[in-house]
Amino acid sequence: MPRERVLITVKTYPTLSRKYGETVCTAGLRPDGTWMRIYPVPFRRLDEDEQYAKFDWIETDFVRGTADPRPETHHPVDCSTMRRVDHLGTADNWRERRKLVLEKAQVFDRLEPLIAGAKANRLSLAVFKPAKLRGFIWEDEDREWDSDKLAQMRESSRQYEIFADEAWRQTFQVIPKVPYSFSYQFEDADGRKSTLQVLDWECSQLYWNCVNATRDEDEALEKVKAKYLGEFGQRDLHFFLGTTQQHHFTAPNPWVIIGVFAPPFVQQMELGIEG
C-alpha cells in the first residue's frame, strides 16, 4: 500500500492488550473524508518525533489489519517511519476542520443505520450529530488494572515485541487506570435515547488534571461534566463514534464515543448565507 496521509481526530485513553502491551486506538480522516483506524499503536513508547496530537496530519506506509476484521483498521508498516507533516488549526472559525469533518466525511444523525452498518461490517467509524443531549454521567470502575492481565500482557509483549530496541523497558510505567467510566446520554434524530461511553483520552486526562489541581475526586468529576456537557453543549457538538472489536458483530449497539468535535456555531452570515 502506498504512503498515506491521515488527519488524526481520535486518540483513546490507553488500554492494556495481552498481545501488544499498552496501546492507544487512533483514528483519523484521509484527505477525501474516508476513515482509517490505526491500531495497534504503542503511543507512549514512540519517540518524540513519532508522537502526534489530535488534528496533526501524519504520513507513513499502512497495511490492512489481518487480525481485526473491521473494514477501516490498518497498522503502520514501521512505526519509526511515522511522521507529523502538518497541523490543521482552528483559524477562520475552524473552517478547514469543518470542511473535512462535516463536509467531506459522512455525518450521521440516526443510530439505526450505524448499528446495521456495523453488523454488516460496512463501517466501524463515523461522525455523528446528536439531536439532544440529556446528560453526562460517570460510574465507578476498578481502580487498578487487573493484575493477572497485566502480568500476561508483560510476558506476551516480551515474546511479541513490536520494537527491536527494548531500551524503553528501563523507564516505562503503565499509565494509571481511571477509576470511573464516563458516558453521554442523548437522543438521535429519531428520538432514540442512548447512553454511550466516552473513551476519549482528553476526557480521562481532564479528570486526572482536575484531581491533581483540586485533590478532590467529586469536584474533579463535576469539572469534567461542566466541560463535556456545559461547555461542549453550547457548541456545535458532534461525536466521533467507533465500535470495539470485541462487540462489533454481537452487541445490540456496538458503538462508543471515541472522541468529540465541538467547534463554535457558525452564524449564517459567516457562511455567506443571507435570508
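Around TYR180, which amide H atoms from residues at least 5 apart in sequence, or from another chain, sit under 5 Å from its own amide H, with H modelled in the peptide plane?
Distant-sequence amide H within range of TYR180: GLU141.
With each label point set 7 Å from Cα along the Cα-Cβ vector, what nm distance links ILE137 and ARG84?
Label-label distance for ILE137 and ARG84, simple model: 3.8 nm.
Past the 29 Å Cα-Cα mark, which pairs from LYS193/LYS227; LYS149/LYS227; LYS149/LYS193; LYS11/LYS132; LYS177/LYS227?
Result: LYS149/LYS227; LYS149/LYS193 exceed 29 Å.
Throughout, read-outs are computed from the coordinates displayed, never taken from laboratory work. Keep in mind it's a predicted model, so treat the numbers as computed, not measured. In this analysis, Cβ positions are derived from the backbone assuming ideal geometry, glycine residues included, and neighbour counts consider all displayed protein chains.
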